[in-house]
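Asks: Mind looking over this structure? Questions follow.
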Amino acid sequence: MSTRRRATTFASMLVGALVTMPSVCVAQAVKNVTTEQCGVDFKKPAQRVFADVNGDSHWTEFRDARSIPELNIDEGLMARLWPGTDGKTLVLIEYDGQDFGKNTEYCFDKDGVLTQMRYEIVTAWGWGYRENGHVKDKMLVTEAKEFFDNKTRAIIPEPVGQNVEPAFLTPKLYLKMSDLPFAKLLAPPKAQ
């Protein structure tokens, strides 16, 4: 059983990769432009790991993902950071709830400006949603978005009768690395 969370939620059971392995393993069925653009290899461990264990905006840096205490269900968040090519940085923010799990990948350029993003949700109702895009003029330009079947990963029509709220399908944009909720932890330590 995970040291970070008991595998009692649907999303944890369905998509254990959201909390125990690099999350993009979930999305391997579809080409991941964000990781390609950033030049990141998810087979390598994240360089830095952060968590907001209770969902109270109190972010802490941890040695690795296994060091994170059990996250509060429906509230806790985890973030991982990988260095990419040409000074780029990929940040993956993960959330795991009772009825759904979601992850968002952000690719920042060497100046800390968001250039590419991928957002994915997996629900307890058998369907998921993903969206890829690049940023232009501080707006997400969607390159692909689709609903998919959780088991087969096949593309499906928008679920009927699910009352899908647009806000549920809208990813949070952090246009600069300095906008990330744990940005103050990214600054190098001050020399004494």
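The values are calculated or read from the model by the stated rules, or taken from the named source; none is laboratory data. Everything numeric here is computed off the predicted structure, so don't read it as measured data. Positions of Cβ are backbone-derived with ideal geometry, glycine not excepted, and every protein chain shown enters the neighbour counts.
Asks: For a quick check of your reading of the model, give me the residue pairs whose first member lies in segment 27-51 and is under 24 Å from Lys151 (Cβ atoms), whose second is among the hydroxyl-bearing types (Ser, Thr, Tyr) and at pLDDT below 95, with beta-carbon atoms closer than 7 Å and at least 6 apart or on different chains.
Replies: Phe42/Thr35
Asks: If you scan segment 109-122, which residues turn out to be in contact (Cβ under 8 Å) with a residue 40 or more places away in the chain and either out of contact with any Cys (no Cβ under 8 Å at 6 or more places or on another chain) or more than 19 Å from Thr89 (Cβ to Cβ) (or both)?
Replies: Gly112, Val113, Arg118, Tyr119, Glu120, Ile121, Val122
Condition check ((1) surrounded by 20 or more Cβ atoms within 10 Å (Cβ to Cβ); (2) within 22 Å of Val141 (Cα to Cα); (3) touching a Gly at 6+ places or on another chain (Cβ under 8 Å)) across all residues:
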{"site": "Ala51", "(1), (2), (3)": "yes, no, yes"}
{"site": "Phe62", "(1), (2), (3)": "no, no, no"}
{"site": "Ile68", "(1), (2), (3)": "yes, no, no"}
{"site": "Thr89", "(1), (2), (3)": "yes, yes, yes"}
{"site": "Ile93", "(1), (2), (3)": "yes, yes, no"}
{"site": "Gly101", "(1), (2), (3)": "yes, no, no"}
{"site": "Cys107", "(1), (2), (3)": "yes, yes, yes"}
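Asks: Could you tell me whether Phe168 is crowded, with 19+ Cβ neighbours inside 10 Å, within 26 Å of Asn54 (Cβ to Cβ) and either of a type in the set (Phe, Trp, Tyr) or touching a residue at least 60 places away in the same chain (Cβ under 8 Å) (or both)?
Replies: no
Asks: Then there is this: For segment 174-192, give me the residue count where each residue is at pLDDT 95 or above and in a loop (DSSP other than H, G, I, E, B).
Replies: The number of residues fulfilling the criteria is 5.
Asks: What number of residues within segment 96-113 satisfy the criterion of being within 19 Å of Phe168 (Cα to Cα), in a strand (DSSP E or B) and in contact with a Ser or Thr (Cβ under 9 Å, 6 or more places away or on another chain)? Break it down stepwise before answering.
Replies: Applying the first criterion (within 19 Å of Phe168 (Cα to Cα)) to segment 96-113 yields 96-106.
Filter once more, keeping what is in a strand (DSSP E or B): 96, 100-106.
If we keep only those that are in contact with a Ser or Thr (Cβ under 9 Å, 6 or more places away or on another chain) too, we end up with 96, 100-101, 103, 105-106.
The number of residues fulfilling the criteria is 6.
Asks: Follow-up question, since we're still on this one. Please find, among Ile93, Ile121, the residue that is assigned to a strand (DSSP E or B) and farther than 18 Å from Phe42 by Cβ.
Replies: Matching residue, one of Ile93, Ile121: Ile121.
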